[in-house]
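Only one structure is covered here, and it is reproduced in the block below.
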Amino acid sequence: MTKSRVTTLAAASLMLFSMFFGAGNLIFPPEVGANSGTNFWPAIGGFLLASVILPTLAIIAIAVSGNDVRDLASRGGWLFGLLFSVMAYLSIGAFYALPRTGATAMETAITPLTGWDGAGSSVAFNVIFFAVTLLLAWRPTTIVDTLGKFLTPALVALLFVLIAVAMVTGQRTPAAPMEDYAGHPMVTGLFEGYNTMDAISGLAFGIVVIAALRTKGFKPGKSMVRGTMLTSLFSGALLAVIYLGLAYVAQTVEGSQDYNSGAALLADSAHLTMGTVGQVAFSAIVILACLTTSVGLLTATGEFFAALVPKVNYHYWAVGFTILSLVLAIQGLDTVLLVAVPIITFLYPPAITLIILTVLNPRNNLRYAYRFALWTAVAWSALTVAWDPQWLSVSPGQALGVGWFVPTLIAALIGVAVDFARPVQQEPQSV
């Protein structure tokens, strides 16, 4: 591999890291570290499974299939492909993840540092924040240079300084695990990892990585697949290191379990170890993390809808989603998060099912396995979110939020049996 290719892959890996590493990725790891206490390792293991391994597999699924999210999801039928991809992009875009970046940056970086609060301050900050986001996302082909070569190195450097200083000056004193971390630390950590929504984001970011590598000279085929997979693996490794560091730092702060959020915990850690400089550095980390993620989300969402509706140019979609995100962000973080739980609960089971099936069957020769499993996951998610009838509890793990897994696995196995009994025919996909 040539030096220029290595440099491109390094920049693309940093770009992908920055697109993943946003508001929740900064807040959730210290919460896991603090609340898991002496059950640190199984809890952080569950967190890494959902926030690193699944997103990495999502990128790999896109790479080996050679498709975007809609084409990949269409393995469950054209209707599933359309509905799932639209909902996925809206959830990581203007309906949740995008406005969360602005709202989180305001509430965890600007207000604690400056004392500015209230509607006027929120409007002023978010107008500037999303204007910068739109400016940086205006030319999607430059995203590797924008994020990978400039913003992300600054973000990573600040994170390593924060973690290193806290680890050197502080002493790790894990407390007794709190609440669910005492009985089910790995599952609880897993669901904290769900909250990052990175498995769904990975499906969306895969095509951004492919497009970015294509502009740098990577050709379709083995070269592109290998480049995309290496990018996702390097990015995932960096994410894992940062998450472990942030979770560890939380256990060096006295009374860490008394904090309401990971952001406040990290802010105090930075202030205690580095004084005012630390507080300023933490605010810079939050703003950079939120900004790099918002640029990636806006780029991915705008490109998807521009491809879905070619008559509407990418820039119109980008402006529209920026305005919608701005309006929601101004309402505050609580309003944005109110929408998140049902979206996450509904989308994650089919998303995980799609990722696993694609990695296990990249050639897509198990037509009914995809359809039976994906629609079972959708039905189970819909029932859980909208109704949650008592009979769902017969499935193992329903009380822990993973009751969909066994029915989906059974449906997939039935589909495999049907596929072997009836070989897949080359015909247009339908529901």
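The values are calculated or read from the model by the stated rules, or taken from the named source; none is laboratory data. Note that this is a predicted model, so its numbers are computed, not measured. Neighbour counts run over all protein chains shown; Cβ positions are idealised from the backbone, glycine included. With ligands, DNA and RNA removed, areas are computed over all heavy atoms of the protein, side chains included. Shrake-Rupley method; radii C 1.70, N 1.55, O 1.52, S 1.80 Å.
A compact table of results
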item	result
Proximal lysine pairs, the chain, alpha carbons under 18 Å, eight or more residues apart or interchain	4
Column: log10 I(q)/I(0), Debye, Cα scatterers of the range 1-84, q = 0.16, 0.18, 0.26, 0.27 Å⁻¹	-0.87, -0.95, -1.17, -1.20
Using alpha carbons only: equivalent-ellipsoid semi-axes of the chain, gyration tensor based, whole Å	34, 26, 21
Alpha-carbon centroids, the range 109-134 and the range 402-421: separation in whole Å	48 Å
Heavy-atom accessible area per residue - the range 96-147, 1.4 Å, Å²	41 Å²
ILE128 paired with ASP388, simple spin-label distance in nm, labels 7 Å along Cα-to-beta-carbon	4.1 nm
Solution diffusion estimate, µm²/s, Stokes-Einstein, the range 63-163, Kirkwood Rh from C-alpha pairs, 10 °C, viscosity 1.306 mPa s	96 µm²/s
Calculated Rg and Dmax of the range 181-265 using C-alpha coordinates, Å	17.7, 53
Ranked by how many other beta carbons lie within 10 Å on average, peptides 319-327, 382-390, 273-281, 56-64 from highest	56-64, 319-327, 273-281, 382-390
Efficiency of FRET between ARG214 and HIS315 - r from beta-carbon atoms, R0 22 angstrom, step 0.05	0.60
Check: the chain dipole with +1 on Lys, Arg Cβ and -1 on Asp, Glu Cβ, in debye	1840 debye
Cα shape, the range 218-297, gyration tensor, a/c 1.5 rule	prolate
Relative contact order for the chain, counting Cα pairs under 8 Å that sit 6 or more residues apart, in percent	32 percent
Rough spin-label spacing in nm, given labels placed 7 Å along Cα→Cβ, for ASP145 and THR114	3.1 nm
Centre separation in Å (Cα based) which lies between the range 279-332 and the range 212-272	20 Å
Rounded percent of accessible protein surface that carbon and sulfur make up, the chain, 1.4 Å probe	68 percent
